[in-house]
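Q: I'd like to ask some things about the structure below.
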Amino acid sequence: MGYGKYKEFADKIRKDCLYMCNVGASGHIGSMLSSADLIAVLYEKILNVDPNYPDDPDRDRFILSKGHAGAVVYAALAEKGFFPKEWMGTYYCDNGKLMGHISHHVPGVEYSTGSLGHGLPVCCGKALALKKQKKESRIICLMSDGDCNEGSTWEAIMFAAQTGLDNLTAIVDYNHIQALGFTKDIINLKGLTSKVAQFGWGVVDIDGHNYQEIEEALSHLPLEKGKPTFIVAHTVKGKGVSFLENTVASHYAHISDELLEKALQEIGD
Ligand SMILES: [Mg+2]
């Protein structure tokens, strides 16, 4: 099977994100672009969610813990028909439909986040509740490497293993850069995968821009029976736009009209 449909969807998501950061004169573009390929596979293939029935009690739950990159989820939801694409023209604007950080006021968004370290604990609660209700729904949390600096994330890691939440998957968009610098210089996450394995999770490292690896990891959940799954997706901040790639400045950048044109040319039609 080809992976062209993922590339096509990810390209649309990247362009939508650049457009939103342009109209909103704001946004965490580097963080959006690093997770665009993960989001493309999730919404194209993995997540059981329906734009016509967004509150289906049997749906999968996806929570973006790195809420500052919310536009990457808005783009996927808009492309899938959860709300009109025109809403993207109001991103980060006063009285706009799409808030800067991800908001559950937007159809298809499960939970509002922004301060790091909130997503995984909330996912644990949802996973436990759904298990008790004997539901088959899966809970998937996309975190940043900055999220892994937070104590609440590690409390959730311990809790999920203790309670055997094998319906829970955490993905780390490990782009090696956070708000103010390189992760290795702030709190080094070296050995993250083996640390989480020691905490009792099923773990795997993947290339977060390789569609085959992303699909393979997410198609066989849980990785280990009776354990929550932890996927460390190695990514590049700003992926897809050469002048943004692997730069701290891309964390929060205004995309001017000129930069927008340059970036869109790189991504192509
Ligand atoms: Mg990061």
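Q: Using the structure shown, list the pairs from K80/K239; K132/K239; K45/K132 with a Cα-Cα distance above 31 Å, or answer none. All intermediate terms of the calculation are to be shown ahead of the outcome.
A: Details: K80/K239 22 Å; K132/K239 40 Å; K45/K132 26 Å.
Long pairs (Cα-Cα over 31 Å): K132/K239.
Q: Still on this structure, please answer the following. Using a 4.7 Å Cβ cut-off, which Cys residues in the chain lack a partner cysteine?
A: C17, C21, C93, C124, C148
Q: Follow-up question, since we're still on this one. Cα centroids of the range 210-269 and the range 95-124: how far apart, whole angstrom?
A: Spelled out, the Cα-based centre of one part sits 19 Å from the other.
Q: If you take the charge dipole of the range 4-267 about its Cα centre, with +1 on Lys and Arg Cβ and -1 on Asp and Glu Cβ, which of Y91, G67, F9 is farthest toward its positive end?
A: Farthest towards the positive pole: G67.
Q: Related question: Please turn the phi angles of the range 239-251 into ³J(HN,Hα) values with the Karplus equation 6.51 cos²θ - 1.76 cosθ + 1.60 (θ = phi - 60°), one per residue in order, whole Hz, x for glycine and proline.
A: Result, ordered by residue: 3, x, 10, 3, 7, 9, 4, 6, 10, 5, 4, 6, 4 Hz.
Q: Let me ask something else about it. Starting with the fewest neighbours, write out T193, T163 ranked by other beta-carbon atoms found within 10 Å of each beta-carbon. Write out the running numbers ahead of the final one.
A: Values: T193 17, T163 14.
So the residues, fewest neighbours to most, are T163, T193.
Q: Can I ask one more? Among all the aspartates and glutamates, which ones have a C-alpha under 15 Å from K131's C-alpha, if same-chain residues fewer than 8 places away are not counted?
A: D58, D60, D166
Q: While we're looking at this one, here's another question. Based on the alpha-carbon gyration tensor of the chain and its eigenvalue square roots a ≥ b ≥ c, which shape applies: rounded if a/c is under 1.5, prolate if not and a/b is larger than b/c, or oblate? Could you put the intermediate results ahead of the total?
A: Values: a/c = 1.61, a/b = 1.32, b/c = 1.22.
Because a/c hits 1.5 or more and a/b exceeds b/c, the chain counts as prolate.
Q: Let me ask something else about it. Sorted from fewest to most neighbouring beta carbons within 10 Å, what does the list C124, C141 look like? Write out the running numbers ahead of the final one.
A: Values: C124 24, C141 31.
Least crowded to most crowded, the residues run C124, C141.
Every number in this text was worked out from the coordinates using simple rules, so none of it is lab data. If you're wondering where the values come from, they're calculated on a predicted model, not measured in any experiment. All Cβ positions, glycine included, derive from the backbone under ideal geometry; neighbour counts span all protein chains shown.
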